[in-house]
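Below is one structure, written out as structure tokens, with a few remarks after it.
Laboratory data are not the source of any read-out in this text; all were calculated from the coordinates shown. From a predicted model like this one, the values you see are computed outputs, not experimental measurements. Here the Cβ positions follow ideal geometry from the backbone for every residue, glycine too, while neighbour counts run over all protein chains shown.
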């Protein structure tokens, strides 16, 4: 699928016999954005979907920073840092250990804008329908996970997946309960709301109000009980043990910070279009860039830097632009742009293109 410049009708159902034909087409008719189907078809050139004869589809995990609560792409470098951590966690904590995925079948790409794609091409998964794919996403999100079943495993320093998350969650919840005990009313409010939403979503009954959370915070102040809880023995909380477990499931540091938040719609779609590696993203001017899995790890020896390696346009030609928004931060290589509305400055073509396409700046002639 190709999206033309100017918001024209997308060009669909186009097939090519080889890569040279693709290159010739794009040279003759430059496009705003280029996509390809992650599904396999017996007759891909047919115009009607029913006539294409679906054979199977790859698994796609699409992680975008704008999907995360509290994260904004107005701080673009900060957003990219968070979503790269998410993408690595998704693979390292779930896809590899929980599902047995193999690196040999994985393609990792920077999407060219706000996130990363993990594209998995193992033939034994091609046949999976939408419901089976949805179950994978549900596991990653922890829907239906029983915290009580994971408490023992969470104490293992080599724990992965939800067992690892539960271990992180125990410490996180205890720290937040301390803040609530010391009078943090805002945290009490947000924690209670998150708790109620999670329990309603999963149909869980039990303690959930502010007074119950405050009582739990008080119980946690007894040193002996506190030590047992931090060691995973939450039964020490008696009638409030289930409340503590539910707080773990609803805790943002667990659900978002370590879950590899993924776009469910993309993963469950067996006919999905995804951006073509090597093409430019029409909303940023940056390259959809493939790189080795090892470089997805932000703590690795050579982490991928999309704000350096995803730049495709010229870094030489100087262009004058005026910022038209406040509180927007961008980075190109080592150059950080943190300007206010009305500020004018000169920047290379790649930077100017990004800022203008984002709607953050205008060209000054």
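Helix 76-89 versus the longest principal axis of the chain: what is the Cα-based angle in degrees, 0 to 90, to the nearest 10?
Its long axis makes an angle of about 70 degrees.
Could you compute the FRET efficiency for residue 46 and residue 265, with r as their C-beta to C-beta distance and R0 at 22 Å, rounded to 0.05?
With R0 = 22 Å, the Cβ-Cβ based efficiency is 0.35.
Quick one: helix 210-219 against the long Cα principal axis of the chain, what's the angle to the nearest 10°, folded into 0 to 90?
60 degrees
Which FRET efficiency value, to the nearest 0.05, do you get for residue 66 and residue 325 by plugging their Cβ-Cβ distance into 1/(1 + (r/R0)^6) with R0 = 22 Å?
Working from the Cβ atoms, E equals 0.90.
Nearest 10 degrees is fine. How inclined is helix 19-28 to the longest principal axis of the chain, computing both from alpha carbons?
Between helix and principal axis, roughly 70 degrees.
Take peptides 43-49, 198-204 and line them up by average Cβ neighbours within 10 Å, highest first, as a rough protection proxy.
Per-residue mean Cβ counts within 10 Å order the peptides as 198-204, 43-49.
Multiplying the sequence separation of residue 197 and residue 28 by 0.36 nm and subtracting their Cα-Cα distance, what value in nm do you get?
Gain on stretching residue 197 to residue 28: 55.6 nm.
Work out, step by step, the length gained on full extension between residue 317 and residue 92: first 0.36 nm times the residue separation, then minus their alpha carbon distance; give nm to one decimal.
So the extension gain works out to 76.9 nm.
Taking the mean number of other Cβ atoms within 10 Å as a proxy for protection, how do you rank 174-187, 82-95 from highest to lowest?
Final packing ranking: 82-95, 174-187.
With the cut-off at 1.5 for a/c, could you classify the range 69-127 from its C-alpha gyration tensor as rounded, prolate or oblate?
Prolate, because a/c is 1.5 or more and a/b exceeds b/c.
Kindly identify the range 147-255 as rounded, prolate or oblate by the Cα gyration tensor criterion: order the square roots of the eigenvalues as a ≥ b ≥ c, call it rounded if a/c is under 1.5, otherwise compare a/b with b/c, prolate if a/b is larger, else oblate.
Judged from the Cα gyration tensor, the range 147-255 comes out oblate (a/c at least 1.5, b/c at or above a/b).
Any chance you could run the full-extension gain for residue 149 through residue 189? It's 0.36 nm times the residue separation minus the Cα-Cα distance, nm to one decimal.
This chain segment gains 11.6 nm when fully extended.
Relative contact order (percent) for the range 1-125, with alpha-carbon contacts under 8 angstrom and 6 or more residues of separation?
21 percent
For the pair residue 181/residue 121, report the inter-label distance in nm, with labels modelled 7 Å from Cα in the Cβ direction.
About 5.5 nm, to one decimal.
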